[in-house]
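Below you'll find the structure, written out as structure tokens, and then a few comments.
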Amino acid sequence: MPKTSQPHNTEAEPRREETPLESIASICTVIVVGLFILSFVFQNFEIPSASMVQTLLIGDHVLVDRVSFAPPTHWMPFVHYRDIRRGDIIVFYKPNPETPDLFLVKRVVGLPGDRIHLRSGVLYLNGVAQNEPYAGMPRDDGDPIDSYQPYRDDFPSIPTTMGNDVTASWALELPTHIQGDDLVVPPGKVFAMGDNRTVSLDGRYWGFVPRENIVGRPLFVYWSFETPEDQMDKTGLADRIGFMFHVAIHFLDGTRWKRTLHLIK
């Protein structure tokens, strides 16, 4: 005798509601994952000065890759690691004991063993003049900042006594790294300069960047807002709050929409 099929229950089973403890656990999981990503993988960084114009503008907010330049680890074999190359733009802690927590962004122009000098603002690497279309050169445009300055533009052949803003420690260390007309980059360090060479306070003024000071490399601009050049000097609470209101009011017309997702090279 054939078996009769049992009718299927077409009613949906009632959905079990999430308990408050489970909700808190879910939120905590999201927070922990987010903090991990922000702490070890990516980091937000805002460009505060004009030292990298035209590559990066004041008010550019960039996403920094913290992994590629980190020491390789066995527990994350799928992550891409590589060594630093000439031309890389890096974010790093300024190598200055007076400001140990200050982040800077510059371009690597010299690796360990490289010989570097400038002549009238032109960079010579191992005796060869470099073609750097992004680099700002000294020029006679009526602005005294852009005009030729011996220490800045003929580095390192001019004594540090002729340069402004040179740190005391670098003034003592610099002569020990000069061979002939060149600055020789020592092991474990890189030499970095800003693209906007006439206004950039870079390695010419405070020295080499230790490898361990390098945090990562900026990948792209995720938001850019027109910001005054002197905004970084306004550290008072009233100034900060005032600029926050300015951003809220002028978010649409002050945002540089064309720079959104702009790749950094």
Once amide H atoms are placed 1.01 Å from N in the peptide plane, what residues at a sequence separation of 5 or more from Val91, or on another chain, have their amide H within under 5 Å of its amide H? Val215, Gly216, Arg217
Residue separation times 0.36 nm, minus the C-alpha to C-alpha distance between Asp143 and Ser68: what's the value? 23.0 nm
Taking H as built 1.01 Å from N, whose amide H comes closer than 5 Å to the amide H of His262, not counting residues under 5 places away? Val221
From the phi of every residue in region 220-235, what ³J(HN,Hα) in whole Hz does the Karplus formula 6.51 cos²θ - 1.76 cosθ + 1.60 yield, where θ is phi - 60° and glycine or proline is x? 7, 8, 9, 7, 9, 10, 4, 10, x, 4, 8, 5, 5, 8, 8, 9
Distance in Å, no decimals, from the C-alpha centre of region 164-239 to the one of region 250-264 is 26
In sequence order, what are the phi-derived ³J(HN,Hα) couplings for region 175-191 according to the Karplus relation 6.51 cos²θ - 1.76 cosθ + 1.60 with θ = phi - 60°, rounded to whole Hz, with x for glycine and proline? x, 6, 10, 9, 10, x, 9, 10, 8, 9, 6, x, x, x, 9, 10, 10
Diagonalise the Cα gyration tensor of region 81-181 and give the resulting equivalent ellipsoid semi-axes, square root of 5 times each eigenvalue, largest first, whole Å. 21, 19, 17
Bounding extents of region 204-253 in its principal axis frame from Cα atoms, largest first in Å, are 41, 27, 18
Among the listed pairs Lys106/Lys265; Lys189/Lys234; Lys106/Lys189, give every one whose C-alpha distance is greater than 23 Å. Lys189/Lys234
The answer for Arg119, listing residues at least 5 apart or on another chain whose modeled amide H is closer than 5 Å to its amide H, is Tyr124
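The numbers here are math on the coordinates, done by the rules we state, and not lab data. Keep in mind it's a predicted model, so treat the numbers as computed, not measured.
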